[in-house]
Amino acid sequence: MPKKIATVDGYIIQANKYKERDTIITLLTPSDKKTVLVRGGYKPEAKNHGATLLFNKVRLDINIANPHFLYVDGHQTLINNTSLYENLTYSLLGQYANEILIKFFQDDDILPYDYYEKMFMAAKNGFDAVTLAFIFTCASINLLGLSPSVDECVMCGAKKNLVAFDLTEGGFICNKCLPESNVSPSNIEYMKVFRYGFKVKASQMEHATLPRMTTLNCLNELSMYLEEQLGYKINAIKLFLESVK
Ligand SMILES: [Zn+2]
């Protein structure tokens, strides 16, 4: 079959050894994720080994002649994030994000590409990993269609006197509706962190460092919520939470 090349930019979010010396990668692009074979990619000296390094942004020449069998024909590294491998927390942050993208999103879903990109830029600036993990999780939940109500009471629509936040109830609850729910009032910081996380834009991810203890609790709740809603375990979250204690 003659070659037919498409050039695609994206991040490598998964790389698995295949047969003796090949690697199968998953590339996160602004519009989807793709599974692509890198021939000989497992060997460090291979021409396209650079197309198998997690967290890096690459420009791939992909042979698309057979749509069921895409393979890498050439590559260029656009952003090298491999320095993050040396930092346990950032490394686990990247693994955590990769796991969310791989397990919870379908190939042609809208994926949180902008947040992913911004998260690595911020990590390289040394920005707070807990804030980044939390915002990335919120953005993912928004795109998965599981967003809680963070602007009004989930029960009556009131915009004032919001006194509790509960993920399983679906978001904020006002003081009038609270007695009808099984929820206890939440502290203000906890409610503010959730509201911020679900509202903040990717371009503003480094705008504020969130309070650590509260955000760790919120992150833990969010990841459990995702696991319960979609039925997959996120392996990296425990290690990540351990690493930032
Ligand atoms: Zn209400």
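The values are calculated or read from the model by the stated rules, or taken from the named source; none is laboratory data. Being a predicted model, the structure only gives us computed values, none of them experimental. FYI the Cβ positions are ideal-geometry reconstructions off the backbone, even for glycines, and counts take in every protein chain you see.
Quick rundown of the values:
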quantity: Verdict on F240 being buried (at least 19 other Cβ atoms within 10 Å of the Cβ), touching a strand residue (DSSP E or B) at 6+ places or on another chain (Cβ under 8 Å) and part of a helix (DSSP H, G or I); calculated: no
quantity: Single unsatisfied condition, N87 versus (1) within 29 Å of L230 (Cα to Cα); (2) in contact with a helix residue (DSSP H, G or I) (Cβ under 9 Å, 6 or more places away or on another chain); (3) assigned by TED's automatic domain parsing to the domain that holds L216; calculated: (1)
quantity: Whichever residue in region 179-213 is under 21 Å from the mean Cα position of the chain (by Cα) and among the aromatic types (F, W, Y) and, among such residues, is nearest to the ligand (Cβ to nearest atom); calculated: F194
quantity: Residues that are under 30 Å from A6 (Cα atoms) and either of a type in the set (V, I, T) or touching an Asp or Glu at 6+ places or on another chain (Cβ under 9 Å) (or both), drawn from region 72-93; calculated: V72, D73, G74, H75, Q76, T77, L78, I79, T82
quantity: Near pairs, Cβ below 6 angstrom, 6+ apart or cross-chain, from region 179-196 (modelled with pLDDT of 95 or more) to any residue that is assigned to a helix (DSSP H, G or I) and among the hydroxyl-bearing types (S, T, Y); calculated: E189/T214; Y190/T214; V193/T214; V193/T215
quantity: Subset of region 18-42 (residues that are more than 23 Å from the chain's Cα centre (by Cα) and surrounded by fewer than 14 Cβ atoms within 10 Å (Cβ to Cβ)); calculated: K19, E20, R21
quantity: Selection status of A208, of a type in the set (G, A, S) and within 30 Å of N125 (Cβ to Cβ); calculated: yes
quantity: Leading residue by the ranking (farthest from E189 (Cα to Cα)) among those in region 154-178 that are among the small types (G, A, S) and more than 8 Å from the ligand (Cβ to nearest atom); calculated: G170
quantity: Odd one out for L230, checked against (1) outside the structural domain of D114 (by TED's automatic domain parsing); (2) in contact (Cβ under 8 Å) with a residue 60 or more places away in the chain; calculated: (1)
quantity: Qualifying residues in region 138-153 (those that are out of contact with any Leu (no Cβ under 8 Å at 6 or more places or on another chain) and closer than 17 Å to I188 by Cα) - the one nearest to the ligand (Cβ to nearest atom); calculated: S149
